[in-house]
Amino acid sequence: MKLTNLLTSAAMALGLATAAVAEDPTKVGFVYVGPVGDGGWTYEHDQGRKAVVAEFGDKVETVYVENVAEGPDAERVITQMALQGADLIFTTSFGYMDPTNNVAAKFPDVKFEHATGYKRNTENVSTYSARFYEGRAVQGTIAGHMTESNIVGYIGSYPIPEVIRGINSAYIHAKKVNPDVEFKIVWAFTWFDPAKEADAAKVLIEQGADVILQHTDSTAPQAAAQAAGNVITFGQASDMAEYGPKPRVSSIIDDWAPYYIARTKAVMDGTWTSTDTWDGIGAGMVGIGEISDAVPAEVKAEALALKAALADGSYHAFTGPITKQDGSAWLADGETADDGTLAGMNFYVEGIEGDIPQ
Amino acid sequence: MIRLEKRPQPSKAWSLATPLVAVLATMLAGGLLFAILGKDPVEAIRTIFWEPLFGEFAFYYRPQLLVKGAPLVLIAIGLSLGFKAGIWNIGAEGQYIMGALFGAGVGLAFYPLEAWYIFPLMVIAGGFGGWLWASIPAYLKVRFGTNEILVSLMLVYVAEQFLASMSLGLMKNPEGFGFPGSRNLQQYESAYNADLIAGTGMHWGVVAALIAVIFAYVLLNRHMTGYHIRLTGEAPRAAKFAGVNPSRLILFCLGTSGILAGLAGLFEVSGPSGQVSIDFNVGYGFTAIIVAFLGRLHPVGILLAGGLMALTYIGGDIAQANLQLPSSAIQVFQGMLLFFLLAFDLLTNFRLSFGKPEVA
């Protein structure tokens, strides 16, 4: 009798538990390196989070923590989310790579998604990134046409493969339409620091640059270009449309929403597996912001044609012949770059002056 | 009418009470701020102060308090010695970075050799790196009379550039696919500053912080150098007559705080952080200044203050995730703590008197 009672109550408890699980919303956590109001990188990730909420409504609960320093703090925040019942956690900065994998090893039932990294030590870690260099190709084409001084300024963040890929892609396509073009590169050594970014933009403008490309996240370079007058810029990570139609003539937009929705859905359906995603314009992860009227119609048409070719895969942004800066051959005529080389790219292509900082 | 009246003697009671009053005032003003942001103030304060210590997941957060607090206490102890004597080392962040670079550099140089002597050598190198970096402003002050506040602060930015250079160049992980950052020392047993008892957060840095507290207490209360430090701070002229050598004192105070900051950096890079990376430093060197003052420049006070700061960091992150408080609100909350402390400090030396001023 006693045993039956026990079993009945256990069964009831189990029934209750299953019911609770069914009604329990899927909890999705986001760890951000900057403030959600940075207007760039973190802002777009948070837009992705909001899209997840809009898509699934009551069926999801999202939490986020912003301004999380890379290192032990990140590990603590990720652990905290996992402890508090998150089912899926997106960690959105390269420096979260080891912390994400460390925590993932301790919570095998929680799924982890790390942006821009390459380590998937356990079955519950995926990595994802966007082929921003495709957007850089479109930018380079517009920049090459638009520059009158033939000097394009480039604000680099850190000399890591992702940033170097962007510089090379922009340069190759600027050079294609304007053989006299020259790139001046300033390294800011930050992802987000409005004061430093503004200084970098001013230095480049003083050196004669009339096009500024940036791989940092704030709108400070846009403001500096606006103050200087005859300089054009491109929005980075986010559209930065408030600086259009000039100086901002177009932008590269990170659109994480489709990916975040798909991955959340996969967790809900139980179909989530560890993957390595690297999507570009075609899949919609990289968007090209509206090209403003400051750009002549034929240039705009050429840029849009390039965008279409990149999107349908008929053209690869790194198509040979391409020679490295040191003069050695990289890609033969018609050959396209493989993802492995692109992922670890640590060299400039021929024609770019200066050295990658070491 | 309320007036301030200077006390004939600084009030001992207020000196002890102000940190507590400051914490209470911060809770009140912070609660008001959270209420204006539309969050439940009681729940927010409870989350920040209670959750890490006694909440559901306290088993995880308590060790994290040690991890977060140890570098703060270690650095703040060093700073307090100088601050007591009126020697202002504002550049502990730079010394922290250099300690980490020197220490990690030694460890990485031995990779992949496994030997017992590697970690002790790293500790020595870490202390040396911090000492070296702090000795620059010390030497310049002694030799040329430069301002140690400016020099030590500026050297932080120089150290940050070294850090970036090392992460991208010399110390870059050769197996890291070209990405910046060194090998992870957590995966290199001889160099890994692991928890002494797994899961307790008790790594060598925590032990060092506790030793530093005792060392500073003995130094200040039982030792001639400590007496000289206190004398120089309280009565510089008397110190001169008592034969205190100001140059030696500057070299000692800045050097010691450099060593402790360097050690903090070494224990962090070889333990919780594991990696030399561009964003390795997260402001411990600056936060330690707050900790030193919050602890009234007293070793035991600093120990408590370090724990309190760590609590607001960890509790603040929990409040962000659970209540969706913006991180800037948490930062304002932490800033209030120092503000109220300095404000209430006034009551140590002054008393409020109500009514009309007496006619003299």
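Bear in mind these aren't lab numbers, they're just calculated from the coordinates by the rules spelled out. Just so we're clear, the structure is a prediction, and the values are computed from it rather than from any experiment. FYI the Cβ positions are ideal-geometry reconstructions off the backbone, even for glycines, and counts take in every protein chain you see.
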Could you give the angle, 0 to 90 degrees to the nearest 10, between helix A:194-206's Cα long axis and the longest principal axis of the Cα atoms of chain A? 20 degrees
When the distances between all Cα atoms of the protein assembly as shown are binned every 20 Å from zero, what whole-number percent does each bin get? 16, 44, 31, 8, 0
Efficiency of FRET from Cβ geometry, B:VAL300 and B:ARG237, R₀ 35 Å, rounded to 0.05: 0.75
For region B:61-323: lysine pairs with Cα atoms under 29 Å, gap of 8 or more or different chains, count? 5
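Below 8 Å between Cα atoms, with a sequence gap of 6+, how large is the relative contact order for chain A in percent?
Details: 717 pairs, mean separation 56.9, N = 358.
Dividing the mean separation by the residue count of chain A yields 16 percent.
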For the protein assembly as shown, with the dipole built from +1 on Lys and Arg beta-carbon atoms and -1 on Asp and Glu ones, taken about the Cα centre, which of A:GLN139, A:MET81, A:ALA332 lies farthest toward the positive end? A:MET81
When we measure straight from the Cα of A:LYS59, which aspartates and glutamates land under 16 angstrom away, once same-chain ones fewer than 8 places off are left out? A:GLU23, A:ASP24, A:ASP87, A:ASP269
If every Lys and Arg gets +1 and every Asp and Glu gets -1 at its Cβ, then about the Cα centre the protein assembly as shown yields a dipole, in debye to the nearest 20, of 3680 debye
At 7 Å along the Cα-to-beta-carbon direction for both B:ALA29 and B:GLN161, put a label point, then send me their distance in nm to one decimal. 3.8 nm
Are there GluC sites (Glu not before Pro) in region A:290-358 that DSSP marks as loop and that have at most 10 other Cβ atoms within 10 Å, and which are they? A:GLU353
In order over region B:179-191: 3J(HN,Hα) from phi, Karplus 6.51/-1.76/1.60, θ = phi - 60°, whole Hz, x for each Gly or Pro, gives 6, x, x, 7, 4, 8, 5, 5, 9, 10, 3, 5, 9
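Note the full-extension length gain between A:SER149 and A:SER314 as 0.36 nm times their separation in residues minus their Cα-Cα distance, in nm to one decimal.
Working: separation 165, 0.36 × 165 = 59.40 nm, distance 3.24 nm.
Full-extension gain reported as 56.2 nm.
Express the Stokes-Einstein translational diffusion coefficient of chain A in µm² s⁻¹, to the nearest whole number, given a Kirkwood radius over alpha-carbon pairs, 37 °C and a viscosity of 0.692 mPa s. Write out the running numbers ahead of the final one.
Values: Rh = 21.7 Å.
It diffuses with D of about 151 µm²/s by this estimate.
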Give me the distance between the Cα centres of region A:293-358 and region A:100-118, rounded to whole Å. 32 Å
Note, ³J(HN,Hα) from phi for region B:166-174, Karplus 6.51, -1.76, 1.60, rounded to Hz, x at Gly and Pro: 5, 5, 8, x, 3, 9, 4, 5, x
Please report Rg over Rh for chain B, where both radii come from the alpha carbon positions and Rh follows the Kirkwood definition. 1.01
With runs of 4+ DSSP H residues as the only contributors, calculate the mean residue ellipticity of the protein assembly as shown at 222 nm using -39,500 (n - 2.57) per run, divided by the residue total and rounded to the nearest 500. -18500 deg cm²/dmol
Cα-centre dipole for region A:29-94 with unit charges at Cβ (Lys and Arg positive, Asp and Glu negative), debye to 20: 80 debye
Taking just the alpha-carbon atoms of region B:49-164, what radius of gyration and Dmax come out, in angstrom? 17.5, 57
Counting only residues 5 or more places away or on other chains, whose amide H sits under 5 Å from the amide H of A:ASP87 once H atoms are built in the peptide plane? A:LYS27, A:VAL28, A:GLY29
Relative contact order for chain B using alpha-carbon pairs under 8 Å, separation at least 6, rounded to a whole percent? 36 percent
Between the modelled labels at B:LEU20 and A:THR271 (7 Å from Cα along Cα→Cβ) the distance in nm is 6.2 nm
Which is the longest part of chain B that has none of the GluC sites (Glu not before Pro) sitting in a DSSP loop with at most 13 other Cβ atoms within 10 Å? B:176-357
Which loop-located trypsin sites (Lys or Arg not before Pro) does region B:229-290 contain, where loop means any DSSP state but H, G, I, E or B and the Cβ has at most 13 other Cβ atoms within 10 Å? none
Listed residues B:ALA44, B:SER80, B:PRO8: farthest to the positive end of the dipole of region B:1-89 (Cβ charges): B:PRO8
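Which percentage, to the nearest 5, of the DSSP beta bridges contained in the protein assembly as shown is antiparallel?
Roughly 25 percent of the beta bridges in the protein assembly as shown run antiparallel, per DSSP.
Taking the Cα centre of chain A as origin, sum charge times position over the Cβ atoms of Lys and Arg (+1) and Asp and Glu (-1), and report the length of that vector in debye to the nearest 20. Before the final figure, lay out each step's value.
Values: 25 positive and 48 negative charges, 136 e Å.
Taking the Cα centre of chain A as origin, the dipole is about 660 debye.
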What span do the alpha-carbon atoms of region B:188-271 cover on each of the three principal axes, reported in whole Å from largest to smallest? 53, 21, 16
Between 0 and 90°, nearest 10: helix A:2-23 axis offset from chain A longest Cα axis: 20 degrees
Euclidean distance between Cα centres, region A:149-213 to region B:293-309, Å: 46 Å
What residue among B:ASN184, B:GLY226, B:GLY265 has its Cα farthest toward the positive end of the dipole of region B:126-281, where the charges are +1 on Lys, Arg and -1 on Asp, Glu, each on the Cβ? B:GLY226
